[in-house]
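Working notes, beginning with the structure itself.
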Amino acid sequence: MAFAGTTQKCMACDKTVYLVDKLAADNRVYHKACFRCHHCKGTLKLGNYNSFEGVLYCRPHFDQLFKRTGSLEKSFE
């Protein structure tokens, strides 16, 4: 039997994600190294991230950017 490979692409870099480097969050697939905060580029883990409209954030920056203002406006970008 030949290895068929995978057709799953990383949401961050759009390259093929292989099983050993696969991380699934919010029904999306990422390389472990591509699973980073949009604001600070820090590496995320499944237990310490939030997402808004498909954009990933570490918890401190998610709180800083959205919760403190009481708004989900993206005016900070």
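The values are calculated or read from the model by the stated rules, or taken from the named source; none is laboratory data. Being a predicted model, the structure only gives us computed values, none of them experimental. Here the Cβ positions follow ideal geometry from the backbone for every residue, glycine too, while neighbour counts run over all protein chains shown.
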Restricting attention to the stretch 21-59, which residues are touching a Ser or Thr at 6+ places or on another chain (Cβ under 7 Å) and of a type in the set (Asp, Glu)?
26
Being surrounded by 13 or more Cβ atoms within 10 Å (Cβ to Cβ) and touching a strand residue (DSSP E or B) at 6+ places or on another chain (Cβ under 9 Å) is the requirement here; does residue 42 meet it?
yes
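Being modelled with pLDDT under 95 and surrounded by 15 or more Cβ atoms within 10 Å (Cβ to Cβ) is the requirement here; does residue 36 meet it? Quick ask: steps written out before the conclusion?
Details: modelled with pLDDT under 95: no; surrounded by 15 or more Cβ atoms within 10 Å (Cβ to Cβ): yes.
No; evaluated as a whole, the condition is false for this residue.
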